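The values are calculated or read from the model by the stated rules, or taken from the named source; none is laboratory data. Since we're looking at a predicted model, the values are computed, not measured. Cβ atoms come from the backbone with ideal geometry, glycine included; neighbour counts cover every protein chain shown. Ligands, DNA and RNA are excluded from the accessible area calculation, which covers all protein heavy atoms including side chains. Shrake-Rupley method; radii C 1.70, N 1.55, O 1.52, S 1.80 Å.
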Amino acid sequence: MIGGLGYPVLSELVRRGRERVRGRMKGTPVSSRRLSITTRMTLKGTTFLVVSAMLLIALLEWRGFLAGMPLRTKWLNAFFSG
């Protein structure tokens, strides 16, 4: 999944993470600048697709492939199958 986000999004997230870590180490306040529109749209779209795929697989396979599994295992299998 991380590779599917794309270089610009990963680059921005890594840069922001580094800024936060450096700010905390120095004791300076961290900038509250928003993420770019590209990064926000990519993260929201990816989240929507992953969650909707997980829910659809869980709904369709609840009494089929996932039937004999405990609840937590059902959801994990649905997540990784999507």
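Hey, could you check the range 30-39 for residues that are touching a residue at least 12 places away in the same chain (Cβ under 8 Å) and part of a helix (DSSP H, G or I) and say which is least open to solvent (accessible area, probe 1.4 Å)?
Initially, the range 30-39 is screened for residues touching a residue at least 12 places away in the same chain (Cβ under 8 Å), giving 31, 35-36, 38-39.
Still in the running and part of a helix (DSSP H, G or I): 38-39.
Working: 38: 79, 39: 2 Å².
Among them, the one singled out is 39.
Against the condition on the phi < 0 side of the Ramachandran plot and surrounded by 10 or more Cβ atoms within 10 Å (Cβ to Cβ), how does residue 22 come out, does it pass?
Values: on the phi < 0 side of the Ramachandran plot: yes; surrounded by 10 or more Cβ atoms within 10 Å (Cβ to Cβ): yes.
For residue 22, the condition - on the phi < 0 side of the Ramachandran plot and surrounded by 10 or more Cβ atoms within 10 Å (Cβ to Cβ) - is met.
If only one of 80, 65 is of a type outside the set (A, V, I, L, M) and either at pLDDT 95 or above or in a helix (DSSP H, G or I) (or both), which one is it?
Values: 65 fails: either at pLDDT 95 or above or in a helix (DSSP H, G or I) (or both).
Going through 80, 65 in turn, just one is of a type outside the set (A, V, I, L, M) and either at pLDDT 95 or above or in a helix (DSSP H, G or I) (or both): 80.
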Restricting attention to the range 4-28, and to residues there that are among the aliphatic types (A, V, I, L, M) and more than 16 Å from the chain's Cα centre (by Cα), which single residue is modelled with the lowest pLDDT?
25
Being more than 30 Å from residue 77 (Cβ to Cβ) and in contact with a helix residue (DSSP H, G or I) (Cβ under 6 Å, 6 or more places away or on another chain), is that true of even one residue in the range 15-32?
yes
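Please state which one of 46, 73, 42 is at pLDDT 90 or above, part of a helix (DSSP H, G or I), open to solvent by 50 Å² or more (accessible area, probe 1.4 Å) and not hydrophobic (A, V, I, L, M, F, W, C).
Values: 46 fails: open to solvent by 50 Å² or more (accessible area, probe 1.4 Å); 42 fails: open to solvent by 50 Å² or more (accessible area, probe 1.4 Å).
None of the others qualify; the one that does is 73.
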Hey, among 42, 46, 38, 73, which residue is more than 20 Å from residue 1 (Cα to Cα) and polar (S, T, N, Q)?
73
